[in-house]
Amino acid sequence: MVKPRILEGVKVLDLTNVLSGPFASLHLALLGAEVIKVENPKDGDLARKLGIVPDFNKKLMGTSFLAQNCNKKSVSLNTKSPEGKAIFKKLAAEADLVIENFRPGVMDRLGIGYSVLKELNPKLIYCAISGFGQTGPDADKPAYDQIIQGLSGEMAINGDERLNPLRAGFPVCDTVGGLNAAFAVMAALFHRERTGEGQFIDIALLDSIMPLMGWVAANLLIGDAQPVVMGNDNFTAAPSGTFRTQDGFINIAANKQEQWEAVCDVLGTPELKTDPRFQERDTRKKNRKALTPLLEAKLAERATLEWVALLNAQDVPSGEILGLGDALRQPQIQHRGVLQKVDAPGIGEIEVFGLTALFDKTRGDVETPPPTLGQHNQEILGRIGYGETELMELKSKGVI
């Protein structure tokens with residue numbers, strides 16, 4: 001028997017662009033929701049033109065778009081036109097969720113904001129994602145991921161004394177904002193199941209990233225200790241970080257006392273266990289600059305993979321530092337089915353990330369490729385009464 005999907009039957013109108021919103025709706029689509037991307041008829045989601053392959057960008061199927069939009073449908077709609085507004089309202093009247101990531105007030109100015117839509121559909125859940133949220137002194141400011149990285153303090157705690165501030169190597173704030181939105185939508189759907197009530201959800205990228213720095217923030221808020229940039233070292237313990245080996249680098253995280261002692265045994269340095277500089281956790285942390293060269297002198301005697309095997313065998317967490325290509329192809333990732341293949345018309349077979357939460361009773365597969373712009377106009381608009389002649393007229397007017 002084919003497993004069902006958790007959100008089967010849930011209808012989502014997705015007006016989002018680029019990353020935070022599409023990443024949120026991707027998770028809903030993988031869980032089985034019918035996610036209908038509502039895109040401007042000219043060139044759609046900006047991500048359609050973002051990517052490393054110019055030919056794909058010209059086709060409005062850029063790699064950035066391909067990465068976030070499997071299992072979705074596309075309706076091209078000019079929501080600035082009277083006809084477009086009317087169509088959108090009809091769609092919203094039958095939807096479970098509207099999700100958008102415009103600046104605050106844009107949807108209200110279009111006349112299709114939450115205050116209007118909830119009158120048509122009291123059970124509607126409406127999720128608005130923005131850089132700073134719908135209220136507050138910065139609500140109207142423009143924001144991209146890097147701006148939020150800087151304002152959150154995240155860039156200030158990255159790097160070391162030579163390279164700081166330092167941004168994360170991927171758009172972490174957009175991505176976390178999307179996850180926060182997906183989590184909030186699921187909670188709102190659960191609330192609606194119990195009460196029948198829809199509601200408005202206000203997601204800010206700045207809010208979303210802040211709790212991820214909980215340990216660092218707690219040291220400041222509770223312990224009154226300013227963060228210190230430490231590069232690849234872990235501030236919670238020592239030795240815990242990146243160390244040079246015979247042929248490269250290794251990550252070692254000896255966060256427990258017994259793990260530290262096991263490191264000494266594996267490396268053949270039992271004398272370090274009783275060295276007063278390194279005997280206790282807090283003392284080791286203060287003396288990590290003295291400790292690291294002593295460890296690296298021994299680590300230089302073997303290759304990384306040898307040390308990984310020896311340390312893991314003694315329950316000391318350790319691992320290689322992989323390039324992205326090797327990381328994507330490692331056996332564990334393949335075993336877990338993190339990447340899935342789908343055939344994208346005009347592009348060919350592509351690999352994309354699937355749902356990374358594995359359920360034993362339900363499924364979350366990649367089933368359909370990212371849609372071409374307006375691919376599902378006839379299917380979706382036909383449901384609400386628009387025939388072929390009407391659709392041709394709407395297209396001639398630039399409404400779809």
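None of the figures in this text is laboratory data; all of them are computed from the coordinates on show. Here the structure is a predicted model, which is why all the values come from computation and not from measurement. Backbone-built Cβ (ideal geometry, glycine too); neighbour counts: all protein chains shown.
Express in nm, to one decimal, how much length is gained between Leu220 and Lys3 on full extension, taking 0.36 nm for each residue of separation and deducting their alpha carbon distance.
Computed gain between Leu220 and Lys3 is 73.4 nm.
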Practice problem: Please report how far the C-alpha centroid of the range 285-316 lies from that of the range 351-385, rounded to the nearest whole angstrom. | Solution: 47 Å
Quiz item: Got a sec? Which residues in the range 89-103 would a label at Thr195 touch, if it sits 7 Å along Cα→Cβ and we count backbone N under 19 Å?
Solution: 96-98
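Roughly how big is the chain's charge dipole about its Cα centre, with Cβ charges of +1 (Lys, Arg) and -1 (Asp, Glu), in debye to the nearest 20?
640 debye
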Quiz item: So which aspartates and glutamates pass the test for Lys42, namely a Cα distance under 20 Å, with those fewer than 8 places away in the same chain ruled out?
Solution: Asp14, Asp55, Glu83, Glu100, Glu379, Glu390, Glu393
Quiz item: Rg and Dmax of the range 1-99, using alpha carbons, in Å: what are they?
Solution: 14.1, 46
Quiz item: Based on the inverse mean of 1/r over its pairs of different Cα atoms, what is the Kirkwood hydrodynamic radius of the range 67-119, in Å?
Solution: 12.2 Å
Practice problem: Work out, step by step, the length gained on full extension between Thr242 and Glu296: first 0.36 nm times the residue separation, then minus their alpha carbon distance; give nm to one decimal. | Solution: 18.4 nm
Self-check item: the range 240-322 - charge dipole about Cα centre, Lys and Arg +1 at Cβ, Asp and Glu -1, debye rounded to 20
Solution: 440 debye
Practice problem: Pick out, from Ile333, Asn287, Ala204, the residue whose Cα sits farthest towards the positive end of the charge dipole of the chain, with +1 on the Cβ of Lys and Arg and -1 on the Cβ of Asp and Glu. | Solution: Ala204
Quiz prompt | Separation between Cα centres of the range 148-165 and the range 39-56, rounded to whole Å | solution = 31 Å
Quiz item: Taking chymotrypsin sites (Phe, Trp or Tyr not before Pro) that fall in a DSSP loop and have at most 15 other Cβ atoms within 10 Å as cut points, what is the longest piece of the chain between them?
Solution: 145-358
Self-check item: Calculated [θ] (222 nm, deg cm²/dmol) that DSSP helices of n ≥ 4 give over the chain, each run adding -39,500 (n - 2.57)
Solution: -11000 deg cm²/dmol
Practice problem: Kindly express, to the nearest 10 degrees and within the range 0 to 90, the angle between helix 304-313's C-alpha long axis and the longest C-alpha principal axis of the chain. | Solution: 80 degrees
Self-check item: Distance between modelled label sites at Thr362 and Asp55, nm, 7 Å Cα→Cβ extension
Solution: 4.0 nm
Quiz item: Taking R0 as 56 Å, what's the FRET efficiency between Lys286 and Glu379 from their Cβ-Cβ distance, rounded to 0.05?
Solution: 0.30
Practice problem: Past 26 Å, Cα to Cα, is the threshold; run Lys118/Lys395; Lys58/Lys395; Lys72/Lys123 against it and keep the listed order. | Solution: Lys118/Lys395
Self-check item: Reach of Lys298 by Cα under 24 Å, taken over lysines that are not fewer than 8 positions away in the same chain
Solution: Lys256, Lys273, Lys285, Lys286, Lys289
Quiz item: What does the convex hull of the Cα atoms of the range 93-252 come to per residue, in Å³, rounded to a whole number?
Solution: 170 Å³
Quiz item: How about the range 309-400: which trypsin sites (Lys or Arg not before Pro) there are in a DSSP loop, with at most 10 other Cβ atoms within 10 Å of their Cβ?
Solution: Lys361
Quiz item: Over the Cα atoms of the range 240-322, Rg to Rh with Kirkwood Rh, two decimal places?
Solution: 0.93
Quiz prompt | Selected from Gly198, Gly337, Gly387 as most flexible by GNM, with the chain as the system and alpha-carbon contacts under 10 Å | solution = Gly387
Practice problem: Take the alpha carbon atoms of the range 64-85, find their center, do the same for the range 178-207, and report the distance between the two centers in whole angstrom. | Solution: 22 Å
Practice problem: Let me know the shape class of the range 275-400, please: from the alpha-carbon gyration tensor, a ≥ b ≥ c as square roots of the eigenvalues, rounded when a/c is under 1.5, otherwise prolate if a/b is greater than b/c, or oblate. | Solution: prolate
Quiz item: Normalised by the residues of the chain, what does the relative contact order come to in percent, with Cα pairs under 8 Å and at least six apart?
Solution: 19 percent
Quiz item: Which whole number in µm²/s is D for the chain by Stokes-Einstein, with the Kirkwood Rh taken over Cα pairs at 37 °C and 0.692 mPa s?
Solution: 136 µm²/s
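What is the packing order of peptides 205-212, 167-174, 26-33, 279-286, taking the mean over residues of other C-beta atoms within 10 Å and listing the highest first?
Output ranking for 205-212, 167-174, 26-33, 279-286: 26-33, 205-212, 167-174, 279-286.
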